[in-house]
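What follows is calculated from the coordinates using simple rules that are stated; it is not laboratory data. Nothing here was measured: the structure is a model prediction, and the numbers come from that model. So basically every Cβ, Gly included, is an ideal-geometry build from the backbone, and we count neighbours across all protein chains shown.
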């Protein structure tokens, strides 16, 4: 998977709630402290993680379909935030996505390998945020 770049959202571009952001942050960082009282900047960060995960998963979709057909089902626990992802995709501007298109966004998926890569890339960002209050990405 190529380097992951997170989009920075302005306040009026944020389409998820703080409660939804908490779910997204727990999905990516289950061993880190997350509360539903995160800042607007934290909510934008969570939305950026979600956008990137859906887009990268869609990009890998064709490879994953072949894998399932040839080797069986790929385990994942996306159900934790599936409703959040669907709601976000309904509200998001389609031009935010590089790979996902209208039909792809009706039933978004996040593959475990994408989630793991995003977690690796941004774990230190969230750890520093929890410890210092600074969110820099």
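The slack in the chain from residue 12 to residue 124, taken as 0.36 nm per residue of separation less the alpha-carbon distance, amounts to 37.6 nm.
Peptide packing: for 118-129, 47-58, 7-18, the average count of neighbouring Cβ atoms within 10 Å per residue gives the ranking 47-58, 118-129, 7-18, highest mean first.
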